[in-house]
Amino acid sequence: MCGRLAVTLPNDAMAQLFAAQPSNDLPDVPNFNVCPTTQVHTVRSEDGRRQLAPMRWGFIPHWYESQAGGPLLINARAETIADKPAFKAACRARRCLIPASGFYEWTKDQAGGRDPWYLKARDGAPLAFAGIWQDWEMNGDRHRTCAIVTTAANKSISAIHHRMPVILSTENWPLWLGEQGKGAALLMQAAPEELLTFHRVDRAVNSNRATGADLIAPIST
């Protein structure tokens, strides 16, 4: 699962990194506590041109009668994405990248308390998660929505959580975005063991109202 992000790269630098035209309504950065149902940065390709634009994090299938018309779909499992009615069309025709500086996962202590961990690239580079997107409209309420594709965690990350987002390397961005033929399904696998590092952070991030760079600061365990 991937349920909380941090995004610190400036919007202009993000547009340059992904060679994408930025929209005028991108989310504010830095944001050390990006939560589901809020706007996230996404990169999609249309007619060979990449667009950096916001989408609602929380995929809304076209049959939902309201934004909360069913389960909140912030993740799509790689193992079943091609068969699930909510996702199967999007995974073939509407794929995107979801940039992040890092993401959070949680473990539980002996008393059941939730201990957050911050995961990021070992070299500090931005991450690009595989995503899918869907336009949804009902009674004049319109949203462009997305979900992060997840897969079984690699050995190192499984110490924290059994799932992890699909993280795409730079050379695989064109394939996932549909710019480079077929075979994107082969990209939906766990990241190399050496890609990520992680550390414990303060429980302050357990609140979706928490803000500030202190949220990703390491704490002693």
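The values are calculated or read from the model by the stated rules, or taken from the named source; none is laboratory data. Please read all numbers here as calculations on a predicted model, not as lab measurements. Backbone-built Cβ (ideal geometry, glycine too); neighbour counts: all protein chains shown. Only protein heavy atoms, including side chains, enter the accessible area calculation; ligands, DNA and RNA are left aside. Shrake-Rupley method; radii C 1.70, N 1.55, O 1.52, S 1.80 Å.
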Residues whose built amide H sits under 5 Å from the amide H of residue 148, excluding neighbours closer than 5 in sequence, are 75, 76
For the range 42-130, whose charge dipole is built from +1 on Lys and Arg Cβ atoms and -1 on Asp and Glu Cβ atoms, the candidate among 61, 96, 110 with its Cα farthest towards the positive end is 96
Quick shape summary for the chain, equivalent ellipsoid via Cα gyration tensor, semi-axes whole Å in descending order, reads 26, 20, 19
So for R0 = 22 Å, FRET eff. of residue 46-residue 123 from the Cβ-Cβ r, to 0.05, ends up at 0.10
Expressed as a percent, the accessible surface of the chain that is carbon or sulfur, using a 1.4 Å probe and the full set of protein chains, is 49 percent
Checked against the positive end of the charge dipole of the range 130-214 (+1 on Cβ of Lys and Arg, -1 on Cβ of Asp and Glu, about the Cα centre), the farthest of 170, 181, 192 is 192
Given unit charges at Cβ for Lys, Arg (+) and Asp, Glu (-), the dipole magnitude of the chain about its Cα centre in debye, nearest 20, is 380 debye
Heavy-atom accessible area per residue of the chain, all protein chains kept, 1.4 Å probe, expressed in Å², is 50 Å²
Extension length gain for residue 77 and residue 138 (0.36 nm per residue less Cα distance), in nm, is 19.4 nm
With +1 at each Lys and Arg Cβ and -1 at each Asp and Glu Cβ, the charge dipole magnitude of the range 138-221 around its Cα centre, to the nearest 20 debye, comes out at 300 debye
Placing one equal point scatterer on each C-alpha of the range 131-221 and summing with Debye, one gets log10 I(q)/I(0) at q = 0.19, 0.24 Å⁻¹ equal to -1.06, -1.17
Computed, not fitted: 222 nm per-residue ellipticity of the chain from DSSP H runs ≥ 4 (each -39500 (n - 2.57)), nearest 500, equal to -1500 deg cm²/dmol
Taking placed amide H atoms and a strict 5 Å upper bound, the residues 5 or more places from residue 50 or on another chain that come that close are 21
Binned at 5 Å starting from 0, the alpha-carbon pair-distance distribution of the range 22-116 in whole percents comes out as 2, 10, 17, 19, 20, 16, 9, 4, 2, 1, 0
Using alpha carbon positions and the Kirkwood radius, the Rg to Rh ratio of the range 67-149 is 1.06
Mean Cβ-within-10 Å packing, highest first, puts peptides 176-188, 156-168, 115-127, 50-62 in the order 50-62, 156-168, 115-127, 176-188
With Cα springs under 10 Å, the Gaussian network model of the chain assigns the largest mean-square fluctuation among 81, 148, 132 to 81
The range 1-37 and the range 109-124 have their Cα centres apart by a whole-number Å value of 21 Å
